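Notes for the one structure printed next.
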Amino acid sequence: MQKKRRLVFQIDNLYICVKDKVSETFYKFGVLVGRHPVWFSVVPLIVCLGLGCGILAINENVDTEKLFTPQDSRIYSDRQRLRDNFPDSTSWNFDAFGLSEVPTMAVLLFRRGGKDKVKTNTFETADVDIDQQQYNIFEEKVMDVIRGVIKKVEAIQIKNGGKTYTVLDICARSQDQCVFNGKSITSPSFKERVDNGTVPYPNYRDENGPSDLSFNLAGVKASATGVLVAARVLKVRFFWRVDQKKIAKLWNIKFLELVSTLDKEGLPYDVTIAYSTSESLEHELLEGTSGDAIYFGLTILLMSSYSILVSTGGDVVSTRALLACGGVLAAFLGIVASLGLLSLCGTEYVNFVGIMPYLVLGIGVDDMFLMMSAWGESFQYNVGTPERLGLTFSKAGVGITITSVTDFLAFLIGISSSFLAVKLFCLFTAFAVLAVYIVNCTLFGACLSLHGDRVFAGKHCLTCRPTQSRQYFRNQKANCCKVYCCGGSVPTKNFEDESICEKLPRYILPRLILNPIVKVIILMAFLSYLGAAVYGAIQLKPGMKYVDLVLRSSYYYKYSTWEQEYYGERLAIAFVVDKEINYGAEEGDRFREVLNEAQRDPLMNSKFLRCWLHQFSRSPFYPNTSEAAADKVQFTQGLLQYLKLMDKLSLNDVKFDATNTSVLASRCFVLTKNDVSIFKQADMMIRMRELTDGVKEYTMFVFQPVFIMLEHTIAILPSTLQTIGTAVAVMFLVTAAMLPQLLMVSLVTLNIIFIITCVFGFMYFLDLTFSGISMIHILMSVGFSVDFSAHICAAYLMSDDTHREDRARYALVHASGPIFNGGMSSLVGVSMLMLSESYFFISFFKIMSMVIVAGAVNSVFFMPIVLSWIGPENPDQGSRRDSSCIPQLPPNVEILDREVEKSAQEEEQEEKKGPKEDASGSTGNAKGDAGSNSADAGRGKKNRVDVEEGEPEQHDDFQPESNDSAVETGLTSPRKQSSGSAPRS
């Protein structure tokens with residue numbers, strides 16, 4: 001048992017040794033800052049503003065494909081294989097199924113009637129009776145309106161490089177005609193056929209060939225025999241050539257200007273439109289975050305107001321309200337400097353880096369509260385301002401270093417993510433955390449020094465002129481307004497300059513949390529919310545809807561909502577063979593087997609197959625015998641004749657060799673059912689890849705342009721788990737370095753896991769999906785969870801008490817206030833985001849709130865209870881520190897001990913027996929004198945606050961009558977030291 005206690009003593013002592021070495025370094029740095037506050041305030045200010053100018057060179061990346069798709073994704077190699085075998089044919093034989101990327105296009109949706117929901121294009125009856133003329137787009141006057149809009153769109157012209165371009169120059173072509181899918185439905189001849197009841201639905205054939213009307217019409221009313229009667233929604237798509245993409249993008253801009261004007265003006269006969277282009281998502285993604293920039297300005301104002309409120313304690317001399325504004329300014333300058341520096345280095349800016357300032361501002365203000373709390377505890381030392389600042393850094397330096405290092409490393413690890421969006425966000429945030437840490441240590445440290453000079457000179461916080469104490473003004477019979485607005489004195493006790501917001505947690509929480517009954521209640525509540533989090537984490541689905549990335553008021557959000565509501569999503573899946581095989585023999589049979597098996601998939605339309613091999617085998621050009629079919633030359637010659645005469649569209653799907661005697665590559669298409677669930681689509685993609693990978697006879701793969709978005713869904717979970725696992729492991733090592741106590745390191749690590757589980761679980765209840773965006777938030781939670789729990793554990797180890805309960809109480813008294821106010825400052829910082837329309841900002845607000853609440857609650861409520869039960873005890877009270885590990889304070893730093901306090905109190909009692917106040921209000925010992933007030937306040941710094949039972953022990957003020965009294969007690973007035981040139985020497 002004795003050996004065990006000795007081991008605990010040695011482990012605790014190791015922590016003290018490490019902390020003291022670090023504290024000594026911070027002490028020297030603090031003294032340096034305190035002696036040169038002007039330099040340490042002006043230089044960081046100039047550097048930050050200079051670097052901030054780099055924001056003008058910002059380079060923004062809004063390519064959703066590159067940002068949200070894993071950089072090592074299989075889809076990139078598959079797409080390149082497709083392009084190598086099937087070159088672009090949009091200029092002569094356009095085929096929407098055969099594109100290697102999402103087509104460059106413009107889309108118009110026309111809807112007749114009000115806001116009633118219309119079911120998708122099925123044979124079911126719509127929610128509204130579209131037989132009524134007010135809902136039917138095939139009414140002649142409505143068709144005239146639609147034709148007029150299309151005519152205006154086709155009249156758009158673009159000038160570029162001295163040349164004028166029309167739609168005829170950039171449109172995709174098939175059979176030497178522009179492909180405007182759905183335009184033929186607006187023709188008078190089609191309207192006449194509908195009126196005559198001769199248009200079958202959905203499969204329709206005209207002079208241009210077969211088509212599926214369900215791709216263009218929605219809210220359809222069809223007869224029992226499958227004849228089109230009426231429709232409510234029409235979609236018209238304008239496809240552009242791939243080789244004219246640059247001009248097409250310029251045309252799309254003009255298109256958006258035109259149709260947005262028409263939409264605002266409104267169309268007659270209750271016709272409304274929705275519209276989009278292939279670039280709309282990127283454009284609206286940019287608008288979605290830049291439009292909310294005003295919220296950051298409001299956040300700065302709100303954060304400053306909260307900091308002033310929390311820091312407004314003491315009186316007009318000791319108050320730290322203006323100092324708190326300096327802390328917010330330091331955090332803001334650090335953010336600006338990091339953004340400018342990375343922009344100057346050419347780092348691409350991704351739009352949702354816009355949430356970074358809200359996060360980092362909270363971290364910076366949290367560090368500010370820690371430093372101000374340490375400053376408030378320095379009043380027990382009788383030193384000048386530079387040394388006092390050194391003591392502040394020696395106490396708070398470790399805390400803010402843990403905060404910043406853990407957050408910095410958490411985001412630095414995020415740079416290893418395979419998602420470019422996550423990589424760029426983590427890079428900007430990691431550098432911002434580092435920059436704010438540096439500015440806090442320099443600029444805010446200098447602000448603390450200047451604040452100390454003012455306070456210990458007895459100067460007013462606003463006028464910076466010497467003032468009198470409140471007691472002096474009371475003696476002068478001044479009114480209450482003058483007493484409280486003009487009266488003030490140098491603080492004489494620890495925490496005397498703190499506000500009620502800082503004192504209340506220290507006073508209430510230890511009594512509340514360590515009550516045995518409350519312990520049981522808190523434990524049961526913790527287990528309940530942990531169980532709910534585990535359930536939610538199991539139910540959480542990975543994936544991200546790109547429409548959620550834009551504002552709800554965006555035209556693209558309206559278009560996407562209509563598109564999914566009325567048309568759903570059907571994907572044409574290409575099965576590609578990029579190796580020369582004999583399609584007339586067993587290899588061709590194997591190809592057919594794969595296609596048949598794909599059609600049997602639950603998400604596939606079993607009745608749809610577009611395959612040149614299937615159609616060719618039924619044509620008269622197919623070889624008559626199996627022997628002839630197995631002959632590559634005969635097979636290929638027959639195929640060429642069939643494609644040229646009967647199926648020109650499939651010319652895009654077959655690649656011949658130079659001599660036209662064999663097929664080098666080919667593809668066939670199956671179609672999915674109408675399902676917009678990205679989770680089902682992602683599972684289908686995995687199944688189809690497994691199917692083609694199982695073909696051993698030759699190489700085969702599946703492709704669809706949408707797969708590049710589905711890659712995000714299947715890759716996000718393993719990528720996040722890997723990144724989070726690495727982050728937790730690194731946090732374990734960092735915590736072990738800062739808190740070399742095995743139990744404490746284990747508790748901090750468990751707390752990280754609990755908070756991550758909480759974030760995962762409650763994302764489900766908040767209707768959030770697991771995506772690259774939430775991955776950023778979870779990385780953020782790793783750093784924050786370490787911040788909160790490390791403060792409690794460090795305070796526990798610093799306690800000189802013997803028993804666990806007492807040490808837990810000490811930890812709550814010293815750490816609960818900074819944790820509470822730091823958490824509240826972060827929560828206030830993100831609260832403005834609840835007003836935003838942006839999915840980035842709203843999801844950030846929800847998850848950030850969860851992280852803050854879970855981190856603070858776990859650290860302040862749960863961990864002290866665990867420590868009071870199983871925390872390490874101090875085996876030798878008062879001898880916990882080795883003599884080699886006792887921090888050696890500088891020679892001019894005197895700690896006021898109990899004997900000094902006792903003698904001071906006795907001397908003060910003698911003074912009270914002195915001359916009484918006369919009728920004029922003057923005192924015999926001239927305490928009301930301004931000069932005496934200054935000296936008295938300075939010497940009053942002798943009172944040390946010792947915390948017992950969770951409450952500061954209050955001592956009487958020590959105010960010696962003259963400087964001789966100070967000499968007798970061996971003390972020097974800190975006020976005199978902080979005035980003049982002596983402290984800066």
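The values are calculated or read from the model by the stated rules, or taken from the named source; none is laboratory data. Predicted model only: the values in this text are computed from it and were never measured. Neighbour counts run over all protein chains shown; Cβ positions are idealised from the backbone, glycine included. Please note that ligands, DNA and RNA were not included when accessible areas were found on the heavy atoms of the full protein model with its side chains. Shrake-Rupley method; radii C 1.70, N 1.55, O 1.52, S 1.80 Å.
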(Q) Among the residues in the range 573-593, are any more than 23 Å from Phe86 (Cβ to Cβ), of a type in the set (S, T, N, Q) and either in a loop (DSSP other than H, G, I, E, B) or open to solvent by 50 Å² or more (accessible area, probe 1.4 Å) (or both)? (A) no
**Q.** Only listed residue being touching a residue at least 12 places away in the same chain (Cβ under 8 Å), within 27 Å of Val405 (Cα to Cα), of a type in the set (Gly, Ala, Ser) and out of contact with any Asp or Glu (no Cβ under 9 Å at 6 or more places or on another chain), chosen from Ser746, Ser719
**A.** Ser719
Q: Keeping to the range 531-545, report how many residues are buried (at least 16 other Cβ atoms within 10 Å of the Cβ) and either at pLDDT 90 or above or assigned to a helix (DSSP H, G or I) (or both).
A: 3
Q: Among what's in the range 93-149 and is more than 41 Å from the chain's Cα centre (by Cα) and among the β-branched types (Val, Ile, Thr), pick the residue that is modelled with the lowest pLDDT.
A: Thr125
**Q.** Single residue of Leu603, Leu613, Leu639, Leu671 found to be at pLDDT 90 or above, of a type outside the set (Lys, Arg), farther than 30 Å from Gln177 by Cβ and open to solvent by less than 30 Å² (accessible area, probe 1.4 Å)
**A.** Leu603
Q) Taking the range 23-57 as the search range and keeping residues that are open to solvent by 70 Å² or more (accessible area, probe 1.4 Å) and farther than 30 Å from Gly452 by Cα, which one is modelled with the lowest pLDDT? A) Leu56
Q: Return the pairs, sorted by first residue and then second, in which the second residue is of a type in the set (Ser, Thr, Tyr) and modelled with pLDDT under 80, the first residue lies in the range 786-804 and is under 30 Å from Ile724 (Cα atoms) and open to solvent by 10 Å² or more (accessible area, probe 1.4 Å), the beta carbons are less than 9 Å apart, and the residues are 6+ apart or on different chains.
A: His791/Thr403; Ala794/Tyr15
Q: Give the residue that is nearest to Gly334 (Cα to Cα), with candidates limited to residues of the range 455-481 that are assigned to a helix (DSSP H, G or I) and open to solvent by less than 30 Å² (accessible area, probe 1.4 Å).
A: Val455
**Q.** Of residues in the range 480-514 being of a type in the set (S, T, N, Q) and touching a strand residue (DSSP E or B) at 6+ places or on another chain (Cβ under 8 Å), the one modelled with the lowest pLDDT
**A.** Asn494
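Conditions (1) over 30 Å from Asp683 (Cβ atoms); (2) out of contact with any Lys or Arg (no Cβ under 7 Å at 6 or more places or on another chain); (3) part of a loop (DSSP other than H, G, I, E, B), marked per residue:
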{"site": "Pro620", "(1), (2), (3)": "yes, yes, yes"}
{"site": "Asn624", "(1), (2), (3)": "yes, yes, yes"}
{"site": "Ala628", "(1), (2), (3)": "yes, yes, no"}
{"site": "Lys644", "(1), (2), (3)": "yes, yes, no"}
{"site": "Asn652", "(1), (2), (3)": "no, yes, no"}
{"site": "Asn660", "(1), (2), (3)": "yes, yes, yes"}
{"site": "Leu664", "(1), (2), (3)": "yes, no, no"}
{"site": "Phe669", "(1), (2), (3)": "no, no, no"}
**Q.** Conditions (1) in a helix (DSSP H, G or I); (2) open to solvent by 10 Å² or more (accessible area, probe 1.4 Å); (3) touching a strand residue (DSSP E or B) at 6+ places or on another chain (Cβ under 8 Å); number of the one not met by Tyr349
**A.** (1)
Q.
Restricting to the range 199-214, give me the number of residues that are modelled with pLDDT of 90 or more and open to solvent by 50 Å² or more (accessible area, probe 1.4 Å).
A. 1
Q. Within the range 547-562, can one find any residue that is part of a loop (DSSP other than H, G, I, E, B), of a type in the set (A, V, I, L, M, F, W, C), open to solvent by less than 10 Å² (accessible area, probe 1.4 Å) and touching a helix residue (DSSP H, G or I) at 6+ places or on another chain (Cβ under 9 Å)?
A. yes
Q: Restricting attention to the range 482-505, report how many residues are under 30 Å from Met824 (Cα atoms), of a type in the set (Val, Ile, Thr) and in a helix (DSSP H, G or I).
A: 1
Q: Could you please find all residues in the range 463-477 being touching a helix residue (DSSP H, G or I) at 6+ places or on another chain (Cβ under 8 Å) and either at pLDDT 90 or above or not charged (D, E, K, R) (or both)?
A: Cys464, Pro466, Thr467, Gln468, Ser469, Tyr472, Phe473
Q) Can you name the condition, by its number, that Phe840 falls short on among (1) hydrophobic (A, V, I, L, M, F, W, C); (2) modelled with pLDDT of 80 or more; (3) open to solvent by less than 10 Å² (accessible area, probe 1.4 Å)? A) (2)
Q: Give the residues of the range 678-698 that are hydroxyl-bearing (Ser, Thr, Tyr) and loosely packed, with under 15 Cβ neighbours inside 10 Å, sorted by residue number.
A: Tyr698
Q. Could you count how many residues in the range 61-78 are surrounded by 15 or more Cβ atoms within 10 Å (Cβ to Cβ), more than 13 Å from Met709 (Cα to Cα) and not polar (S, T, N, Q)?
A. 2
Q. Given the conditions (1) crowded, with 24+ Cβ neighbours inside 10 Å; (2) modelled with pLDDT of 85 or more; (3) within 26 Å of Val360 (Cβ to Cβ), which single one is not true for Leu812?
A. (3)
Q: Output the residue which, of all residues in the range 642-665 that are among the acidic types (Asp, Glu) and in contact (Cβ under 8 Å) with a residue 40 or more places away in the chain, is most open to solvent (accessible area, probe 1.4 Å).
A: Asp657
Q.
For the list (1) under 30 Å from Thr720 (Cβ atoms); (2) under 27 Å from the mean Cα position of the chain (by Cα); (3) not small (Gly, Ala, Ser), I need the number of the one condition that Tyr559 fails.
A. (1)
Q. If we scan the range 759-774, do we find a residue that is polar (S, T, N, Q), over 28 Å from Phe352 (Cα atoms) and over 13 Å from the mean Cα position of the chain (by Cα)?
A. no
Q: Tell me which residues, restricted to the range 133-144, are buried (at least 19 other Cβ atoms within 10 Å of the Cβ) and either assigned to a helix (DSSP H, G or I) or touching a helix residue (DSSP H, G or I) at 6+ places or on another chain (Cβ under 6 Å) (or both).
A: Tyr135, Phe138, Val142, Met143
Q: Go over the candidates Val383, Val398 one by one and state the one that is out of contact with any Cys (no Cβ under 9 Å at 6 or more places or on another chain) and either of a type in the set (Asp, Glu) or not in a helix (DSSP H, G or I) (or both).
A: Val383
**Q.** Members of the range 671-711 that are part of a loop (DSSP other than H, G, I, E, B) and farther than 30 Å from Ala630 by Cα
**A.** Lys673, Asn674, Asp675, Val676, Ser677, Gln704, Pro705, Val706
Q: Considering only the range 159-177, state which residues are crowded, with 18+ Cβ neighbours inside 10 Å and either closer than 18 Å to Pro210 by Cα or hydrophobic (A, V, I, L, M, F, W, C) (or both).
A: Val167, Ile170, Cys171, Ala172, Ser174
Q: Name the single residue, out of those in the range 382-412 being crowded, with 24+ Cβ neighbours inside 10 Å and farther than 23 Å from Phe40 by Cα, that is modelled with the lowest pLDDT.
A: Asn382
